[in-house]
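Here the structure comes first, spelled out in structure tokens, and everything after it is commentary.
The values are calculated or read from the model by the stated rules, or taken from the named source; none is laboratory data. Since the structure is predicted, the reported quantities are computational estimates derived from the model, not experimental observations. FYI the Cβ positions are ideal-geometry reconstructions off the backbone, even for glycines, and counts take in every protein chain you see. For the accessible areas, the whole protein counts, side chains as well, though only heavy atoms, and no ligand, DNA or RNA atoms are used. Shrake-Rupley method; radii C 1.70, N 1.55, O 1.52, S 1.80 Å.
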Amino acid sequence: LYARALDISERVLGPEHPATATSLNNLAINYYDQGDLATAERLMRRALQIRETRLGPDHPHTQGSRQSLAVMQQQRGRPATPQPSDPLERFAPLLAAIVTVANGDTGPQEAVTQALAQLEQNGWMLRGPVERIWAGERDLAALVAGLDEQDAALIERVLALIASP
């Protein structure tokens, strides 16, 4: 049934939808419970990738998939994949999506806006500068005014990505 739910979710909602990640997560846990750790880990990695991109790294669903993946990796005798501590590395998929929208492809804009709102609840102040970037502003000093060092570094990275071919 979990495999059928995944198939339906992928067809109806798309392979990168958060509900598809939930189906992947459920199927991965099912395989884990059956002892097929390799398949469970592969599916959980995919669920985690979708959730990090669409929901953000600090979303509770993302954190749950990350923890489940760590358990699966430990069960297989492999070291758990650590979460990057450097925000530039940790938020790389989100920054890429921000740049995609800034370059005119509004496809990921809703998901990025949701992720930025989640991050804001955790103290990150990126939504305002990102919306100004999407509106065409490129003045780094104006965009980072009042931001802490980490937020400023992320905005600076977004501008660098936009400027690079």
Exercise for the section: Of the numbered conditions (1) modelled with pLDDT under 85; (2) open to solvent by less than 30 Å² (accessible area, probe 1.4 Å), GLN74 fails exactly one; give the number of that condition. Expected result: (2)
Problem - Test for THR106: is it open to solvent by 70 Å² or more (accessible area, probe 1.4 Å) and β-branched (Val, Ile, Thr) - result: yes
Completion exercise
ALA47 vs (1) free of Cβ contacts under 8 Å to residues at least 24 places away in the same chain; (2) buried (at least 17 other Cβ atoms within 10 Å of the Cβ): all pass except (1)
Completion exercise
(1) farther than 29 Å from GLY123 by Cβ; (2) not in a loop (DSSP other than H, G, I, E, B) all hold for GLY14 apart from (2)
Practice task
For GLN150, state whether it is within 17 Å of ILE50 (Cα to Cα) and part of a helix (DSSP H, G or I).
Solution key: no
Exercise for the section: Determine whether LEU27 is modelled with pLDDT of 90 or more and buried (at least 18 other Cβ atoms within 10 Å of the Cβ). Expected result: yes
Practice task
Go through (1) in contact with a helix residue (DSSP H, G or I) (Cβ under 6 Å, 6 or more places away or on another chain); (2) open to solvent by 20 Å² or more (accessible area, probe 1.4 Å); (3) more than 25 Å from GLY107 (Cα to Cα) and name the single condition GLU16 misses.
Solution key: (3)
Exercise for the section: Check whether at least one residue in segment 87-101 is open to solvent by less than 40 Å² (accessible area, probe 1.4 Å), more than 22 Å from GLN150 (Cβ to Cβ) and either among the hydroxyl-bearing types (Ser, Thr, Tyr) or not in a loop (DSSP other than H, G, I, E, B) (or both), and report yes or no. Expected result: no
